[in-house]
Amino acid sequence: MSQKSFARSLGIRHLVCGSCNGCELEMNALAAPQYDISQEGWNIVASPRHADLLTVTGPMSEAMRLAARRTLDATAEPVVVVAVGDCASGEGTWCGAGSAGAGAGQELQASVVVRGCPPSPDAIREGLRAAATLLDGRNS
Ligand code: SF4
């Protein structure tokens, strides 16, 4: 039986971990007609049970730390975490400020990092392609 190829069928669960929402605006563009990632077989899903990968934004707020960890634990293996934006990568303006953490992607051991404040939809799409390639490697 052939293995699933994640490059053509990807469930994406997005976690907002203290983002300013700038990264979310660019993420939202991926679902809009100009980018329309559904044509690639990629979908934003509402549950980690339906997800193949997690995208995370923000420095990791204290309020989200436990929920983010539980979401990662609830996602079936193999799973890849994609850090979207400088904050999630640990290099953003808000990292370490007040109760903010060291970067959501840093704390969840992201395998793919998309830099930018915010990153462009094209850059995020490239990050998702890299994550799909990683998933295919882990699934073989
Ligand atoms: S990387 Fe920039 S746009 Fe994204 S959450 Fe941080 S400050 Fe906002």
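Quickly run through the range 68-92 and pick out the residues that are free of Cβ contacts under 8 Å to residues at least 60 places away in the same chain and under 12 Å from GLY18 (Cα atoms).
Once the filter is applied, which keeps residues that are free of Cβ contacts under 8 Å to residues at least 60 places away in the same chain and under 12 Å from GLY18 (Cα atoms), the range 68-92 yields ALA68, GLY92.
For PRO59, state whether it is in contact with a Lys or Arg (Cβ under 6 Å, 6 or more places away or on another chain), modelled with pLDDT of 95 or more, farther than 16 Å from ALA130 by Cα and not small (Gly, Ala, Ser).
Numbers: in contact with a Lys or Arg (Cβ under 6 Å, 6 or more places away or on another chain): no; modelled with pLDDT of 95 or more: yes; farther than 16 Å from ALA130 by Cα: yes; not small (Gly, Ala, Ser): yes.
The answer is no for PRO59.
Which residue is farthest from the ligand (Cβ to nearest atom), if the candidates are limited to the range 27-53 and must be of a type in the set (A, V, I, L, M, F, W, C) and under 18 Å from SER120 (Cα atoms)?
TRP42
So which residues in the range 103-140 are among the hydrophobic types (A, V, I, L, M, F, W, C) and away from the ligand (no atom under 13 Å from the Cβ), if there are any at all? I'd like the intermediate steps shown before the answer.
So the first thing to find is which residues in the range 103-140 are among the hydrophobic types (A, V, I, L, M, F, W, C), and the list is 104, 108, 110, 112-114, 117, 123-124, 128, 130-132, 134-135.
Hits for the range 103-140 are LEU108, ALA110, VAL112, LEU128, ALA130, ALA131, ALA132, LEU134, LEU135.
Can you spot a residue in the range 13-34 that is within 20 Å of PRO119 (Cα to Cα), charged (D, E, K, R) and crowded, with 20+ Cβ neighbours inside 10 Å? Walk me through it before giving the result.
Filtering the range 13-34 down to residues within 20 Å of PRO119 (Cα to Cα) leaves 13-34.
Filter once more, keeping what is charged (D, E, K, R): 13, 24, 26.
If we keep only those that are crowded, with 20+ Cβ neighbours inside 10 Å too, we end up with 13, 26.
Yes - at least one qualifying residue is present in the range 13-34.
Find the helices (runs of 4 or more DSSP H) located wholly in the range 80-140 whose residues include 3 or more that are surrounded by fewer than 17 Cβ atoms within 10 Å (Cβ to Cβ), and list them.
Numbers: elements: 86-89, 104-107, 121-139.
In the range 80-140, the matching helices (runs of 4 or more DSSP H) lie at 121-139.
Kindly establish whether GLY18 is part of a strand (DSSP E or B) and over 19 Å from ASP122 (Cβ atoms). Please lay out each step first, then the result.
On the way: part of a strand (DSSP E or B): no; over 19 Å from ASP122 (Cβ atoms): yes.
It is false that GLY18 is part of a strand (DSSP E or B) and over 19 Å from ASP122 (Cβ atoms).
The values are calculated or read from the model by the stated rules, or taken from the named source; none is laboratory data. All figures in this text were calculated on a predicted structure; none of them were measured in a lab. Cβ atoms come from the backbone with ideal geometry, glycine included; neighbour counts cover every protein chain shown.
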